[in-house]
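For reference, the structure discussed in these notes is given below.
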Amino acid sequence: QFTTRVVSCRAAELRPEGGGEPVRGFQVVLEDTILFPEGGGQPDDRGLIGDVPVLRVTRRGPEAVHFVPAALEPGAEVLLSLDWERRFDHMQQHSGQHLISAIAEQMFGFKTTSWELGRQRSVIELDTPLVTAEQVEALEKSVNEKIRDRVPVTVRELAADDPEIETVRSRGLPEDHVGPVRVVDIKGIDSNLCCGTHVSNLSDLQVIKLLGVEKGKKNKTNLVFLAGNRVLKSIEQSHSTEKALTSLLKNGPGEHVEAVKRLQSSVKLLQKNNLNLLRDIAVLIARDFKSKPAPKQLFVLHRKEGDSEFMNIIANEIGTEETLLFLTVGDEKEAGLFLLAGPVQAVENLGPRVAELLGGKGAGKRGRFQGKAAKMSRRGEVQALLQEFISQQNPEA
């Protein structure tokens, strides 16, 4: 917590990180702050100004701008409270990144070109097209040894023209930077220009787990990692999943993979048999319709189980030169598929109207119009439309 004063407060809008409508609120500048504004690959802090939640903190030149949903009076003294759990997580990930980047460069010459502190995992972009599994294993072993050595982490400030800056690892300063330069030192391992928040000793990182590598941008490799409490949370989540699978599969964790492979094989065989049965049913339905002596101007069918192939087999078997077919598959209360087939002119005329009634989209050619339907419950309205069309074409029917 930290006591400070409100310098300014003005109306503004905030666009949510996940998209959506902007949120109305206020941008507040304080005399000083303990909330970190996003930057340097690290997300911003969260917290409270009094009892007003801070939804975002950004940097505007030398100022930290706090976005809040309620106005604050300029000149008022306020108590600033930090969301410590979020801050400490970011400290662990950021210091972990510094350590991994430094050791990766020392051991293999891999330079870090950028990094991202994600919500679930963090990613370091290395300036190399390839990192082997053996290198990942050696790197993980080395960084965890440094954690066990309880190496101190300190922060110092240098003047912008201090020649020592040239000896410090850096990816460059922002164009609008003013004032002294901040350096984060991991004793005997790394010195790095950095604006972010860090632990004071590597032992606070607890442990680092390198999850592996992914192909990055041209000639680069992304190294994925977890640090500190995120490792514990990941183990907890994996253990819960393992327990659930053990219960479902009725065997031990060491047999889960083989059990799932057997299930996949069984499902594929069942799907193949089901498709064959659906094809046979489609042929029988069509032949039954054709065998009836009644007029064959309209055929309507709905079946919960089926697919586009099922409907097209029926249309092929019945023939569409004289008969208008309206076929649907899927759950009647949800979305599904439809097919309108018949004389070319009739389908061209009716297809878009059928799709509109069903709240769906479709396309057609050569006497067939098919697509997805969002309102299967309106099939009755479509049938009435088709019957009316046939009556107009043939008043004696």
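Here are a few things to note about the model shown:
- Exposure rank, largest accessible area first [Cys9, Cys194; 1.4 Å]: Cys9, Cys194
- Whole-number D in µm² s⁻¹ for region 230-368, Kirkwood Cα-pair radius fed into Stokes-Einstein, 37 °C, 0.692 mPa s: 178 µm²/s
- Based on Cα contacts under 8 Å between residues 6+ apart, the chain shows a relative contact order of 10 percent.
- Solvent-accessible area per residue in the chain equals 58 Å², computed with a 1.4 angstrom probe and all protein chains kept.
- Radius of gyration (Cα atoms) of the chain, expressed as a multiple of 2.2 N^0.38 Å: 1.53.
- Per DSSP, loop trypsin sites (Lys or Arg not before Pro) in region 236-298 with at most 13 further Cβ within 10 Å: Lys250
- Calculated [222 nm] ellipticity per residue, helices only, for the chain: -12000 deg cm²/dmol; basis is -39500 (n - 2.57) per DSSP H run with n ≥ 4, divided by all residues, nearest 500.
- In this entry, region 2-82 is assigned a mean projected area of 5.2 nm², taken as a quarter of its C-alpha convex hull surface.
- Straight-line reach from Lys290: taking Cα to Cα under 28 Å and skipping same-chain neighbours fewer than 8 places apart, the lysines in range are Lys272, Lys304, Lys365, Lys372.
- Ordered by solvent-accessible area of protein heavy atoms (1.4 Å probe), largest first, the residues Phe310, Phe88, Phe2 come out as Phe2, Phe88, Phe310.
- Taking Leu270, Leu211, Leu72 in turn, the Gaussian network model of the chain (Cα-Cα springs below 10 Å) assigns the largest fluctuation to Leu270.
- Cβ-placed point charges (K, R +1; D, E -1), dipole of region 280-393 about Cα centre in debye, nearest 20: 140 debye
- Long-range Cα-Cα pairs in region 123-200 (distance over 21 Å), rounded percent: 44 percent
- Lysines whose Cα lies under 21 Å from that of Lys187, excluding same-chain neighbours fewer than 8 positions away: Lys111, Lys141, Lys146
- Square roots of 5 times each gyration tensor eigenvalue, C-alpha, region 87-235, largest first, Å: 24, 18, 15
- Estimated D of region 195-237 in µm² per second, where Rh is the Kirkwood radius over Cα pairs and Stokes-Einstein applies at 4 °C, 1.567 mPa s: 106 µm²/s
- For region 136-180, the percent of C-alpha pairs falling in each 5 Å distance bin, counted from 0 to the bin holding the largest distance, reads 5, 14, 17, 17, 13, 14, 13, 7, 0.
- Separation of alpha-carbon centers, region 132-201 and region 261-326, rounded to whole Å: 67 Å
- Carbon + sulfur, % of accessible area of the chain - ligands and nucleic acids excluded, 1.4 Å: 51 percent
- In this structure Met107 has an accessible area near 80 Å², from a 1.4 Å probe over the protein heavy atoms.
- With all protein chains modelled, accessible area of Ile390 [1.4 Å, Å²]: 30 Å²
- Sequence of Leu324, Leu245 from largest to smallest accessible area, 1.4 Å probe: Leu245, Leu324
- Note on region 199-244: lysine pairs with Cα distance below 30 Å, sequence gap of 8 or more or different chains, count 9.
The values are calculated or read from the model by the stated rules, or taken from the named source; none is laboratory data. Every value quoted in this text rests on a predicted model; they were computed, and no experiment measured them. Counting neighbours? That spans all protein chains shown, and the Cβs are built from the backbone with ideal geometry, glycine included. For the accessible areas, the whole protein counts, side chains as well, though only heavy atoms, and no ligand, DNA or RNA atoms are used. Shrake-Rupley method; radii C 1.70, N 1.55, O 1.52, S 1.80 Å.
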